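First up is the structure itself, then whatever we jot down about it.
Coordinate-derived values only; no laboratory data. This structure is a prediction, so every number in the text was calculated from the model and none was measured. Heads up, the Cβs are rebuilt from the backbone with ideal geometry, glycines too, and the neighbour counts pull from every protein chain shown.
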Amino acid sequence: MRYISTRGGAEPRSFSDILLEGLAPDGGLYLPEEYPHLTPEMLGQWRTVLAEQGYPGLAYEVLRLFIDDIPAEDLRAICDRTYTAEVYGKDEIVSLTPLGDEMLLEGLSHGPTLAFKDMAMQLLGALFEYELGRRGQELNVLGATSGDTGSAAEYAMRGRAGIRVFMLSPKGRMSDFQRAQMYTLDDENIHNIVVEGVFDDCQDLVKAVSADADFKRDAHIGSVNSINWARLVAQVVYYVAGYLRATTSNDEQVSFAVPTGNFGNICAGHIARQMGLPIKHLVLATNENNVLEEFFRTGVYRPRSSEETVKTSSPSMDISKASNFERFVFDLVGRDPERVLDLFAAKLVRLGQFDLSDDPVFAQCSEWYGFQTDQSSHVDRLRTIREVWEDRGIVIDPHTADAVCVGRRLQEPGVPMVVLETAQPVKFAETIREALGRDPEVPEAYAHLAGLEQHTVELPVDVAALKAYIAGNIG
Ligand SMILES: *Cc1c(COP(=O)(O)O)cnc(C)c1O
């Protein structure tokens with residue numbers, strides 16, 4: 001299988017070649033030349049695989065359709081090592097819990113950082129280690145985080161050969177839990193750099209270092225951001241697992257409700273549906289930062305400025321633009337790279353937005369691609385957390401509450417709605433207290449983190465100081 005750029009200006013590449021890259025050289029995003037086609041017979045076989053070999057077996061079956069340049073036995077071993085009960089706390093890896101009539105909660109947050117990003121990041125860590133070893137190369141992952149992505153990356157890369165992580169975080173801006181989770185790691189290859197500034201300062205530092213092409217090459221700087229193709233393909237697996245667990249035959253339809261920020265999670269759902277997984281609707285739920293809700297409702301895509309991006313109680317969805325959205329638009333406009341260029345490289349840059357409301361393709365978002373959308377407010381999320389607790393005795397986090405709330409509004413009789421749970425409530429204690437008047441339970445394995453020593457280095461907002469720190473800690 002070859003991968004092409006949404007902007008048409010890159011040579012087709014193999015999986016292993018794009019694995020260690022972010023954007024394609026032409027500024028586009030990589031996608032397979034063609035999605036693999038899933039027949040009802042294959043789905044039946046996968047049902048057996050999931051029953052007999054569990055999640056790692058299913059992951060192997062799905063991934064091998066997209067990855068043909070890693071030998072089968074190696075890929076199988078990577079899946080077996082990645083999706084273990086030891087890492088995810090349970091044999092099933094993901095859980096499925098009834099939430100009401102025809103509504104199910106698919107638990108994706110049993111990984112080491114208690115959020116769904118572990119599902120993809122853990123696989124990425126294993127694939128990176130494998131590929132770097134095969135090439136005799138090393139990689140220094142440089143990133144900025146306001147909390148969740150940074151810890152998922154560190155827990156995925158810790159202790160791995162050939163990889164170091166330099167993760168910038170803003171001083172005093174993360175929750176106690178997030179700090180305890182990240183800063184207590186004492187692996188030699190993990191560097192927590194606390195910046196005396198805000199998140200935007202951290203991100204600007206990463207951009208400045210990456211913009212120095214010589215330094216970037218010499219210091220083997222790379223990233224693990226949400227546009228990495230391997231992260232998306234890893235997420236396709238839990239749509240298949242959720243479908244198989246929610247159904248008994250291979251032609252039933254289900255819908256998925258997805259709390260959405262950068263369009264990574266739901267883009268994997270789109271890919272699963274394009275492959276032929278019987279998904280009726282992909283319900284895209286946003287919070288007050290409704291860039292994507294607005295597009296799917298009106299046809300206008302208008303990324304926001306940072307002043308326009310509000311701080312909400314579901315902070316991992318507080319985005320100003322949706323970095324994976326270009327992949328869906330590529331499919332929507334009939335995989336025409338000229339149109340993607342016009343929309344993303346011309347209109348968006350010149351006008352700050354593009355408008356497909358008068359274009360016949362816009363209607364296909366719902367009619368052909370099955371998207372539905374709505375947004376939740378803070379009050380909606382608090383009410384939903386309270387209702388789910390009172391009805392079911394389950395505490396859900398505010399991101400998941402967003403999807404439960406919107407999923408309920410858009411549910412249709414006869415079609416099960418699988419809501420993707422993206423984080424554990426303990427990560428968002430303040431909102432849980434506001435909703436339920438008490439603290440979320442701290443999982444036992446995490447209670448001890450509070451007492452452990454934290455390992456950080458503090459740096460000013462200074463590109464030269466950051467480069468010097470990296471240079472002094474590699475090679
Ligand atoms: C990252 C994240 C999301 C949003 O996922 P995208 O792939 O960016 O759309 C939702 N909930 C939680 C808890 C997250 O960490």
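Taking every C-alpha pair closer than 8 Å and separated by at least 6 residues, the mean separation divided by the residue count of the chain gives a relative contact order of 18 percent.
For segment 314-448, the spherically averaged projection of the C-alpha convex hull amounts to 11.5 nm².
In order along segment 114-127, the Karplus-derived 3J(HN,Hα) couplings, from 6.51 cos²θ - 1.76 cosθ + 1.60 at θ = phi - 60°, round to 6, 9, 5, 4, 4, 4, 8, 5, 4, 5, 4, x, 5, 5 Hz, and Gly and Pro are given as x. Checked against a 26 Å cut-off, the cross-linked pairs LYS117/LYS280; LYS90/LYS280; LYS207/LYS347; LYS117/LYS347 give Cα-Cα distances beyond that limit for LYS90/LYS280; LYS117/LYS347. In segment 396-445, the ratio of gyration radius to Kirkwood radius, Rg to Rh, stands at 1.08 when only Cα atoms are counted.
For GluC sites (Glu not before Pro), no site in segment 40-74 is both called loop by DSSP and has at most 15 other Cβ atoms within 10 Å.
Note on segment 58-211: Kirkwood radius taken over Cα pairs, Stokes-Einstein applied at 10 °C and 1.306 mPa s, translational D equal to 93 µm² s⁻¹.
Across segment 30-79, counting alpha-carbon atoms alone, Rg and Dmax equal 11.5, 33 Å. So, how do all the Cα-to-Cα distances of the chain break down into 10 Å bins, in percent, from 0 on up? All Cα pairs, binned at 10 Å, distribute as 4, 20, 32, 29, 13, 1, 0 percent.
Each part gets one Cα centre, and for segment 198-260 versus segment 335-349 those centres are 22 Å apart. Taking the Cα centre of segment 358-475 as origin and assigning +1 to Lys and Arg Cβ atoms and -1 to Asp and Glu Cβ atoms, the resulting dipole is close to 180 debye. Sequence-ordered 3J(HN,Hα) estimates for segment 191-196 from the Karplus curve with 6.51, -1.76 and 1.60 and θ = phi - 60° stand at 10, 8, 9, 8, 9, 7 Hz, glycine and proline given as x. Annotation: peptides 121-128, 158-165, 311-318, ranked by per-residue average of other Cβ atoms within 10 Å with the highest first, follow the order 121-128, 311-318, 158-165.
Computed from backbone phi with θ = phi - 60° and the Karplus coefficients 6.51, -1.76 and 1.60, the 3J(HN,Hα) list for segment 69-78 is 10, 10, x, 3, 5, 5, 5, 4, 5, 4 Hz; x is used for glycine and proline.
Packing here is the average count of other Cβ atoms within 10 Å per residue, and on that basis the peptides 386-397, 166-177, highest first, run 166-177, 386-397.
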